[in-house]
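Values quoted throughout were computed directly from the atomic coordinates according to the rules given, and no laboratory measurement underlies them. Model, not experiment: these values are computed from the prediction. Positions of Cβ are generated from backbone atoms using ideal geometry, with glycine treated the same way; all protein chains shown enter the neighbour counts.
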Amino acid sequence: MSVNSEICDKLHKILFYEFGVSEEDVSVESILIGGILDDGYEVFELVLSVEKEYEIGIADSLITEKTTFGDLVKIVENEL
């Protein structure tokens with residue numbers, strides 16, 4: 001999967017500064033809910049931060065229990 005490295009870097013920074021998740025703990029295949037973050041509420045907070053950072057809206061239906069970090073990068077890329 002090819003992901004936008006600029007978006008990827010910015011999302012890594014959000015994960016680190018807001019949730020204490022280091023870049024080494026995240027790959028494009030990492031599941032958001034129960035993988036990178038503990039629960040759906042933290043993922044909700046992440047999505048809000050991403051929406052604010054990029055001034056976009058992300059539909060709730062795009063984030064599921066199987067959404068990966070790579071998926072989130074692609075979602076952001078598609079919304080820009």
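Given a Förster distance of 22 angstrom, what is the FRET efficiency for Glu79 paired with Ser22, based on the Cβ-Cβ distance and rounded to 0.05?
0.25
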Quiz item: By how many nm would the segment from Tyr41 to Tyr54 grow when fully extended, if each residue of separation counts as 0.36 nm and the alpha-carbon distance is taken off?
Solution: 2.7 nm
Self-check item: Residue-averaged [θ]222 nm for the chain, counting only DSSP H segments that reach four residues, each worth -39500 (n - 2.57)
Solution: -16500 deg cm²/dmol
Self-check item: Two-decimal log10 I(q)/I(0) for the chain, as the Debye equation yields it once each C-alpha is a single scatterer, q = 0.17, 0.25 Å⁻¹
Solution: -0.57, -1.44
